[in-house]
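Taking it in order: structure first as structure tokens, then the write-up.
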Amino acid sequence: MSAARLKDIALAAGVDIGTVSHVLNRRPKSFLLRAETRDRIERIADDLGYCRNEFAASISRRHGKVLAFVTSEMGSIEYTGRIQNGVFDAASSLEYAVTLHHLAGCNEDQVLKKILGWQTAGVVFHTAGFEGVEGICQKLSENGIPYGFVNLCHGDAFGVTTDDRQGILAAMEHLRSCGRRKPAFLSYQHTKSTGMTGYLRCRENAYEEGMQLYFPGQPAEFFYIDGRSVVGKRRACLSKQLARIKTCGIDAVLCISDLAAFKLLQQARNASLKVPQDLHLIGFGDLALAAICEPSLSSIAQDFEGMGEKITRMLIAHIEKKSRDKQLRNIRIPVKLVLRESSPRQQQKGTRL
């Protein structure tokens, strides 16, 4: 059976093709018709199995109802997937499709060609930083295509991230309530050439602020590992950090990510450091493994799905000119401190288990 055409619907509804086109494309002129006429046309279109040709419609509006999701190697499939699910759910609810593009090596030109070839209406980036996508962003701006970043804030684009400062300060307050005296921060290495990404700077600054608020007089202690990998030959690097933790009397470590915390947790056991008896440990992200590792990992939970959904709705509202509020181009959504065995809530004296 061939697909229903506008001509078939017009014939069945007793109207002209132009009227059918106005109704099915929800053009302003369609609202000049009587409601029952619009309802009859839409009902007949459904009965005949009409499917709107999005590519044909995109010619008149110069873009399709398609978003691009562009990601790079982020170290964890889980949180990229959860952000992606948020993008998909929001786009689908607003009748948009999403194409996926992976940045790897020097394929920026190929990714850009595909984005433009799909007549993309907007682009969502999930990358560790802005490096490597500046050229794509410039071309998107030249073509009038809006774009935004998940887990990053950008001055010239949309951005949705979490309130990492709030989470770090909540974790620091918790550590003080547990009687910890010397917490350290385990972060990723950064150099002058690579620079420091926004989320690294935010979390490290929040840790220093927390030290001043909750541990006055104690110096901030930073330990660094290679963020690209903490396995294989780079294991020795983390072992050195554990040796320093022992000699410096560190009794708690707040980690830049759950991945860093998992590796530290594993090697702490090998170094005869008991968690939480000798060392309290808190991660960042609250990945699924945090609840089932041994001991289970306390973590600052980020709403990855919520970030993906929010950036998608912001972009589509801008595309469809339903929002012109430039003050809401970059927003932060709340996080939650989830306490588990690696840094349990301090039991009040006299409280029974």
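The values are calculated or read from the model by the stated rules, or taken from the named source; none is laboratory data. The shown structure was predicted, so the numbers you read here are calculated from the model rather than taken from an experiment. Cβ sites come from the backbone with ideal geometry, for glycine too, and all protein chains shown count toward neighbours.
Give me the pairs: first residue in segment 146-168 and more than 13 Å from residue 330 (Cβ to Cβ) and at pLDDT 95 or above, second residue among the hydroxyl-bearing types (Ser, Thr, Tyr) and buried (at least 18 other Cβ atoms within 10 Å of the Cβ), beta-carbon distance under 8 Å, and six or more apart or on different chains, which are they?
From residues that are more than 13 Å from residue 330 (Cβ to Cβ) and at pLDDT 95 or above, the pairs are 164/199; 168/207.
Taking residue 216 and the conditions (1) at pLDDT below 95; (2) farther than 18 Å from residue 282 by Cβ, which numbered condition does it fall short on, given that it satisfies the others?
Failing condition for residue 216: (1).
Tell me, which strands (runs of 3 or more DSSP E) lie completely within segment 93-180 with 2 or more residues that are surrounded by 14 or more Cβ atoms within 10 Å (Cβ to Cβ), within 17 Å of the chain's Cα centre (by Cα) and of a type in the set (A, V, I, L, M, F, W, C)? Even if it seems obvious, please write down each step before you answer.
Values: elements: 97-102, 122-126, 147-150, 158-162.
Because the criterion is at least 2 residues that are surrounded by 14 or more Cβ atoms within 10 Å (Cβ to Cβ), within 17 Å of the chain's Cα centre (by Cα) and of a type in the set (A, V, I, L, M, F, W, C), the strands (runs of 3 or more DSSP E) in segment 93-180 that meet it are 122-126, 147-150, 158-162.
Can you name every residue in segment 93-107 that is touching a residue at least 24 places away in the same chain (Cβ under 8 Å) and within 16 Å of residue 124 (Cβ to Cβ)?
Hits for segment 93-107 are 94, 96, 97, 98, 99, 100, 101, 102, 103.
Name the residue that is surrounded by the fewest Cβ atoms within 10 Å (Cβ to Cβ), counting only residues in segment 23-42 that are within 39 Å of the chain's Cα centre (by Cα) and either in a helix (DSSP H, G or I) or modelled with pLDDT of 85 or more (or both).
28
Scan segment 49-89 residue by residue and report those that are modelled with pLDDT of 85 or more and among the aromatic types (Phe, Trp, Tyr).
69, 79, 88
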